[in-house]
Amino acid sequence: MSTNQPKTKYAPAERASEEIIQQQSNYFKSNSILNNFLSKIPAVFIIVNNCRQIVYMNKGALEFTGLEDVAQAIGKRPGEIIGCIHSAEEEGGCGTSIACTYCGAVNAVLIAQKGKATMEDCRLILGPDEVAYDLRVWANPLEINGEQFTAVTIQDIRHEKRRAILERIFFHDILNTVSGLVGTIEILKNYGERVDQEEFIDKAYRITNKLIEEIQSQRLLVEAENKSLTLKLQSFNSIDFLHELVDLYVNDDFSKDKRIYIDKNAENIEIITDRTILRRIMANIIKNAYEAISKGQGIRIGCKVNTDRVEFWVHNPGIIPRDIQLQIFQRSFSTKGSNRGIGTYSMKLLSSFLEGEVSFTSTEQKGTIFKTIIPITLKTSN
C-alpha cells in the first residue's frame, strides 16, 4: 500500500501501488481462457482489488463508461471512471465521502470483501450534466493466485425504476384524483337539491384542474429527461407569481388545516423565464413542505433579488434527517415508501432548463428552506 493515505469519511481510502495494480491486472490479461470468457459476458462486468481499484473490465463495462481502452480505468475506482459527482468530494476519491455511506455500489463491494455475495441497488448522479442513473450491483468474492478480489456486475435499471414511478403516478395519484371527482359528481347527481351546488361544482372544477396539473407535470418530466423540453418564455411579476402559488393550495384538500403565506419582505420584480416550468418547480417544493409539517403549522414563501438572479424560496419548520439530506435529489430516492416520491429530483432537473439550481438547508434552529435560483431574464428559449 502507498503511504500518507488521505482521510476518509466512509470506506478505506488506501490504494495499492502502481506496481501492484499492474501485477494484479496481469493476472487476468495473461490468462487467455479466463480473459476470453470474461470478455464475452453480455453485461457490465469489472473486477476490483481489496482497495476497490479496478484491475479488469470487460467490453460491456468499456461501452458503459465510454472509455476506449481498459488502461484508462486500471487503478481507478468505479465512481471515478463513470463520473459520480461524489467521487471527487474527498481527497480519497470514490467511496470516501459521507454521501458514499448510502451508495449501493460501495456497500456491495464492502460486503463482498467480507466473504458474502450480495446485490444492492445504487442511485448515482453522473457528470457535469448530473445525469441520474439507477443501477443494480452484484458483488461476489473472488480469489486469484491467493489474492482477494471482488467481481462486480452492473445492470442499468433506469427504465425499470421509471416504469414503476409512471405506474405509481397513473395508477395511484391520478386514479385517486379521478375517484374524488367521481364522488363529487355522484353527490351532485344524487343529492343535488339538498346540497350547495355551487360549492360542489367549484370542488369538481378544482379536482379537474389538479388532474390536468398532474398529467402535465409528468409530461414535463418525461420531456426533460429526453431533453426534448421546449421553453416558452414570458414576462411576469414575482409577487403575482407568489400569489398564484398560494391560490393553487389555499383551498386544496392536500393543505387542509395547514397555512401558506407570502413573506412580507418578498421582493417585487419583473422576470422573463418559462412560467410553467418555474411553477412546477415551486409546486413540488411547496408540496414537499406541506408533507413535512403537521396540522396547524404553516409554510412561508418568498423571493429576493441577487444581482442578475432571483431566488424563490419555501420555508417550513420541519427538519430533514441527515441520511435523507444526502440522497434527496437522486432519481428514485423516496421517503414515502416503494416507488413513491420524485419531486425533489424533478425540481432539480427542471431548474437546469431555466439555467438555475435548486438547493436546501435544514437545521433545528431555522427549519428547512428549499430555494431555486434562476436568471431574472432568461436569454434563450433553446
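The values are calculated or read from the model by the stated rules, or taken from the named source; none is laboratory data. Note that this is a predicted model, so its numbers are computed, not measured. Methodologically, a virtual Cβ is constructed for each residue, glycine included, from the backbone with ideal geometry; neighbour enumeration extends over all protein chains shown.
So for segment 101-116 (the condition being touching a helix residue (DSSP H, G or I) at 6+ places or on another chain (Cβ under 6 Å) and at pLDDT below 95), does at least one residue qualify? No, that holds for no residue. For the condition modelled with pLDDT of 85 or more and outside the structural domain of Tyr56 (by TED's automatic domain parsing), what is the one hit in Asp257, Asp196? The conditions single out Asp196.
Is it the case that segment 25-34 has a residue that's assigned by TED's automatic domain parsing to the domain that holds Gln148, among the small types (Gly, Ala, Ser) and within 17 Å of Ala139 (Cα to Cα)? So far as segment 25-34 goes, no, none of its residues is assigned by TED's automatic domain parsing to the domain that holds Gln148, among the small types (Gly, Ala, Ser) and within 17 Å of Ala139 (Cα to Cα).
Are any of the residues in segment 66-89 surrounded by 14 or more Cβ atoms within 10 Å (Cβ to Cβ), of a type in the set (Val, Ile, Thr), under 20 Å from Gln113 (Cα atoms) and in contact with a Pro (Cβ under 7 Å, 6 or more places away or on another chain)? No, segment 66-89 contains no residue that is surrounded by 14 or more Cβ atoms within 10 Å (Cβ to Cβ), of a type in the set (Val, Ile, Thr), under 20 Å from Gln113 (Cα atoms) and in contact with a Pro (Cβ under 7 Å, 6 or more places away or on another chain).
With respect to Tyr27, is the statement that it is modelled with pLDDT under 95 and either surrounded by 12 or more Cβ atoms within 10 Å (Cβ to Cβ) or touching a Leu at 6+ places or on another chain (Cβ under 8 Å) (or both) true? Against the criterion (modelled with pLDDT under 95 and either surrounded by 12 or more Cβ atoms within 10 Å (Cβ to Cβ) or touching a Leu at 6+ places or on another chain (Cβ under 8 Å) (or both)), Tyr27 qualifies.
Annotation: of all residues in segment 242-283 being closer than 19 Å to Phe353 by Cα and among the aliphatic types (A, V, I, L, M), the one that is surrounded by the fewest Cβ atoms within 10 Å (Cβ to Cβ) is Ile272. Going through (1) in a helix (DSSP H, G or I); (2) under 14 Å from Ile373 (Cα atoms); (3) among the aromatic types (Phe, Trp, Tyr) one by one, Phe312 falls short only on (1).
Does segment 233-243 include one or more residues that are in contact (Cβ under 8 Å) with a residue 40 or more places away in the chain, outside the structural domain of Tyr133 (by TED's automatic domain parsing), touching a Ser or Thr at 6+ places or on another chain (Cβ under 6 Å) and not hydrophobic (A, V, I, L, M, F, W, C)? No, segment 233-243 contains no residue that is in contact (Cβ under 8 Å) with a residue 40 or more places away in the chain, outside the structural domain of Tyr133 (by TED's automatic domain parsing), touching a Ser or Thr at 6+ places or on another chain (Cβ under 6 Å) and not hydrophobic (A, V, I, L, M, F, W, C).
Answer yes or no: is there a residue in segment 211-224 that is in a strand (DSSP E or B) and not polar (S, T, N, Q). No: segment 211-224 contains no residue that is in a strand (DSSP E or B) and not polar (S, T, N, Q). Quick check: is even one residue across segment 151-164 under 27 Å from Gly356 (Cα atoms) and β-branched (Val, Ile, Thr)? No, there is no match, as no residue in segment 151-164 is under 27 Å from Gly356 (Cα atoms) and β-branched (Val, Ile, Thr). If the condition is being touching a residue at least 40 places away in the same chain (Cβ under 8 Å), basic (Lys, Arg) and not in a strand (DSSP E or B), then segment 253-282 contributes Lys258, Arg275, Arg280. Scanning segment 138-154 for residues that are in a strand (DSSP E or B) and either on the phi > 0 side of the Ramachandran plot or not polar (S, T, N, Q) (or both) turns up Trp138, Ala139, Pro141, Leu142, Glu143, Ile144, Glu147, Phe149, Ala151, Val152, Ile154. Any chance segment 314-322 includes a residue that's at pLDDT 90 or above and surrounded by fewer than 20 Cβ atoms within 10 Å (Cβ to Cβ)? For segment 314-322, residues at pLDDT 90 or above and surrounded by fewer than 20 Cβ atoms within 10 Å (Cβ to Cβ): present.
Scanning segment 48-91 for residues that are of a type in the set (S, T, N, Q), assigned to a loop (DSSP other than H, G, I, E, B) and free of Cβ contacts under 8 Å to residues at least 24 places away in the same chain returns Asn58, Ser87. Every residue in segment 132-150 that is surrounded by fewer than 19 Cβ atoms within 10 Å (Cβ to Cβ) and of a type outside the set (Asp, Glu), please. Answer for segment 132-150, where residues must be surrounded by fewer than 19 Cβ atoms within 10 Å (Cβ to Cβ) and of a type outside the set (Asp, Glu): Arg136, Trp138, Asn140, Pro141, Leu142, Ile144, Asn145, Gly146, Gln148. Counting residues in segment 220-241 that are charged (D, E, K, R), under 26 Å from the mean Cα position of the chain (by Cα) and buried (at least 19 other Cβ atoms within 10 Å of the Cβ) gives zero.
Is it true that Lys203 is over 17 Å from Ile376 (Cα atoms) and either in the same structural domain as Leu378 (by TED's automatic domain parsing) or surrounded by 14 or more Cβ atoms within 10 Å (Cβ to Cβ) (or both)? Spelling it out, Lys203 is indeed over 17 Å from Ile376 (Cα atoms) and either in the same structural domain as Leu378 (by TED's automatic domain parsing) or surrounded by 14 or more Cβ atoms within 10 Å (Cβ to Cβ) (or both).
Summed over segment 50-97, the residues that are within 18 Å of Ala151 (Cβ to Cβ) and within 24 Å of the chain's Cα centre (by Cα) give a count of 10.
Here is a check on your reading of the model: is Val109 among the aliphatic types (A, V, I, L, M) and either within 19 Å of Asn50 (Cα to Cα) or assigned by TED's automatic domain parsing to the domain that holds Ile215 (or both)? For Val109, the condition - among the aliphatic types (A, V, I, L, M) and either within 19 Å of Asn50 (Cα to Cα) or assigned by TED's automatic domain parsing to the domain that holds Ile215 (or both) - is met. For Phe37, the conditions (1) loosely packed, with under 14 Cβ neighbours inside 10 Å; (2) touching a residue at least 12 places away in the same chain (Cβ under 8 Å); (3) in the same structural domain as Gly115 (by TED's automatic domain parsing) all hold with the exception of (2).
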